[in-house]
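To start, the structure under review is shown below, and the notes come after it.
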Amino acid sequence: MTHPQGPVLAADRRGFLLASAGLAAGVALGGLPRRAQAAPLALPPLPFADNALAPVISANTLGFHYGKHHMGYLTNLNKLIAGTELAELPLEKIVAAVAGKADKVGIFNNAAQTWNHSFYWKSLKPQGGGEPPAALKQMMEASFGSVEACKKELAATAVGQFASGWGWLVADGGKLKVVKTGNADTPLTSSMKPLLTIDVWEHAYYLDYQNRRADYVNAVIDKLINWEFALHNLG
Ligand SMILES: [Fe+2]
């Protein structure tokens with residue numbers, strides 16, 4: 001980093017004024033220049049009204065889940081990265097930059113949870129479920145034998161995730177797979193391409209289903225899952 005006094009001392013009066021003006025907005029403590037503070041990451045709007053997924057997911061659940069939990073992860077992330085080089089990066093690159101680093105677990109957890117939740121909202125839609133688009137259906141049949149078998153494995157995997165986590169439909173080496181991740185972990189940091197996800201943290205369903213995770217997962221797959229989003233992610 002160039003010390004500000006170097007070019008300023010060599011400059012004429014006009015240059016000094018220009019340099020001073022340029023630094024004024026970004027002078028850090030200690031007089032060293034820094035880049036302008038990056039804008040905090042913003043919470044993407046929900047892609048539907050908060051009552052649009054009822055009765056499968058109530059407006060009450062959505063209000064807490066999006067407005068408190070998702071927002072909470074984002075708020076924590078913005079605090080943790082403020083003033084660091086990470087604040088200059090898009091969310092996906094933050095997740096990749098800190099994945100697997102023991103001293104960055106807090107940042108990873110909040111960044112990955114922020115990303116996972118934005119992806120989860122897009123994985124749902126009012127009047128979802130039903131017949132997948134033809135191109136996705138063909139891949140499901142090639143990978144699982146049938147659409148029903150794919151849905152069954154997705155449900156079993158999401159329900160079977162021990163404690164908090166996520167069930168995912170992913171693309172891996174030209175095939176579809178179903179995987180689960182614990183806590184904040186995400187296939188985003190793997191070679192697999194995430195296509196859609198189901199949040200199985202208790203906060204995703206407990207107000208509506210209490211301990212009946214399977215009822216929540218099956219209702220989501222039958223009535224809300226956004227197969228078009230999965231096809232879009234296949235690229
Ligand atoms: Fe969640």
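Just so you know, all these numbers are worked out from the coordinates, no wet-lab data involved. Computed from a predicted structure; not experimentally measured. Every residue, glycine as well, gets a Cβ built from its backbone with ideal geometry; the counts of neighbours run over all protein chains shown.
Structure data summary
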quantity	calculated
Linear extension gain, Lys101 paired with Phe48, 0.36 nm per residue minus alpha-carbon span	15.5 nm
Sequence-distant aspartates and glutamates (8 or more away, or on other chains) whose Cα lies within less than 20 Å of Lys152	Glu131, Glu141, Asp172, Asp199, Asp215, Asp222, Glu228
Charge-dipole axis of region 59-122 as Lys and Arg at +1 and Asp and Glu at -1 on Cβ define it, positive-most pick from Ala82, Asn116, Asn60	Asn60
Prolate/oblate/rounded label for region 59-122 (Cα gyration tensor, a/c 1.5)	prolate
Proxy reagent accessibility, fewest Cβ within 10 Å first, across His69, His117	His69, His117
Rounded to the nearest 20 debye, dipole of region 59-122 from Cβ charges on Lys, Arg, Asp, Glu	160
Eligible lysines near Lys151 by straight Cα distance, threshold 17 Å, same-chain separation 8 or greater	Lys125, Lys137, Lys175, Lys177, Lys180, Lys223
Largest-first principal axis extents, alpha carbons of region 134-234, Å	36, 28, 20
